Structure formats: C-alpha cells, structure tokens
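Enquirer: Structure below; questions to follow.
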Amino acid sequence: MQIKRLSPADCEELYHTALPRDFPAAECKPFAEIRRLLEAGVYEPLLLTDDAGARLAYAWQVVLPGQRTALLDYFAVRCDLRGSGVGTAALQLLRDYYALRVQDLLLECEHPAEAPDPAVARRRIGFYLRAGARATALESRVFGSRYAVLSLPCGGTAPDAVLCKELRALYKVMVPEPYCRGRVIFYGG
C-alpha cells in the first residue's frame with residue numbers, strides 16, 4: 001500500500017464522487033471550506049493505493065504546524081474492500097506516515113447514543129479501537145451532531161486535557177469565528 005497526496009483538483013473530484021457515498025450529508029463540509037484549508041496549507045488529502053495505483057482508501061487530515069496532534073477529518077475504505085483488513089493496514093500506514101510529525105491522530109466518530117444507526121456507529125468505533133485507537137473521555141458537538149473522540153497514537157499519546165486543547169486549536173482554524181461560536185462544543189477536557 002502506498003500514500004499519494006492529492007492535488008486540489010483530485011481532491012475535489014473525490015469529494016464529489018466518493019464522499020457522498022461514504023459519509024452522511026451532515027458530515028460533508030462544503031468543498032469551499034476544504035479549498036480554504038488546502039490554500040492555508042493545513043489540509044492534507046491523502047489517497048492510499050495498491051502498487052498499481054488503484055484507490056483502496058482515502059484519509060484527509062487537518063495538520064497545524066508545530067502542533068502535536070492532527071485530526072483525521074475523513075477516512076474511508078473503498079466499499080468492496082471493507083472488512084478485508086485494508087482499513088486496518090491503511091491506519092497503520094497513516095500512523096507511520098505521521099509518526100515524525102505528530103504524536104496523536106484524533107478521530108471523531110458519530111456517538112452511538114445519537115447516531116441515525118447506533119449499531120453502525122458502535123461498529124465504526126470498534127473498528128478504530130481494534131486498529132489501535134484509544135477511547136478518550138472527550139466528546140464534541142459540531143453543528144448539532146454528537147461525536148465520540150478517539151486518539152490513534154502515532155508516536156506517543158497525551159492526556160485528554162491536552163488533546164482537548166489541541167482539538168480546539170484545530171477547530172479554530174477549521175471553523176473560524178463567528179461560525180464556531182455555539183456550533184462547535186467540546187466536553188470532557
């Protein structure tokens with residue numbers, strides 16, 4: 001498996017073709033916001049491919065210079081490969097890829113208590129935990145949707161209070177004032 005950084009054009013194409021299939025509409029931010037983050041140099045859309053270059057998965061992160069954590073904004077495995085081990089291998093490759101730059105890759109997963117399909121939300125969290133993530137005491141509520149926050153250690157791990165502080169910093173860049181006020185809330189940190 002290989003990692004390829006996507007160009008803005010390739011990112012936009014994948015946004016229109018794959019994201020609507022892989023994520024609920026409420027979780028798909030407008031591409032204009034992704035473009036803004038790309039132009040700011042803090043968004044890293046990665047494609048995970050096989051040796052022939054075929055797409056296996058994609059992982060888009062928000063990475064701030066000098067910060068010890070990054071946020072896995074979108075992660076999806078190609079539909080026909082789910083359950084085959086590709087997702088676990090992709091996450092391990094991401095851990096290795098980011099190990100020299102960050103210590104934790106944060107994940108936000110739909111909270112089962114409020115997810116449209118609680119069983120799917122529990123399976124998703126279970127997948128991340130089996131792949132090496134750890135549950136934190138943190139939760140977020142972003143534009144009305146509730147998320148459990150997990151941490152995938154890349155080179156260490158920090159206490160939840162530190163992770164919460166860094167997640168807040170990531171969101172200040174992702175959702176600038178005044179839009180985040182009252183719409184992006186963190187609990188447990």
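Enquirer: Could you work out how far the C-alpha centroid of the range 97-160 sits from that of the range 1-64, in angstrom?
Expert: 19
Enquirer: Match the structure shown to one of the listed values [x] 45, 35, 34; [y] 54, 36, 22; [z] 43, 31, 29 of Cα extents along the principal axes in Å, computed from it, and give that label.
Expert: Given [x] 45, 35, 34; [y] 54, 36, 22; [z] 43, 31, 29, the calculated one carries the label [x].
Enquirer: A further question follows. Got a sec to turn the phi values of the range 24-32 into Karplus ³J(HN,Hα) couplings, 6.51 cos²θ - 1.76 cosθ + 1.60 with θ = phi - 60°, whole Hz, x for Gly and Pro?
Expert: x, 3, 5, 8, 8, 5, x, 4, 4
Enquirer: Let me ask another. Mean residue ellipticity at 222 nm from the helices of the chain, using -39,500 (n - 2.57) per DSSP H segment of n ≥ 4 over the full residue count, to the nearest 500 deg cm²/dmol?
Expert: It lands at -10000 deg cm²/dmol.
Enquirer: Report the per residue volume, in Å³, of the convex hull enclosing the C-alpha atoms of the range 61-130.
Expert: Taking the convex hull of the Cα positions in the range 61-130, it is 101 Å³ per residue.
Enquirer: With the contact rule set at Cα under 8 Å and sequence spacing of 6 or more, what percent relative contact order holds for the chain?
Expert: Working: 292 pairs, mean separation 32.3, N = 189.
17 percent.
Every read-out reported here was derived from the displayed coordinates using simple, explicitly stated rules and does not represent laboratory data. Because the structure is predicted, anything quoted here is derived from the model rather than measured.
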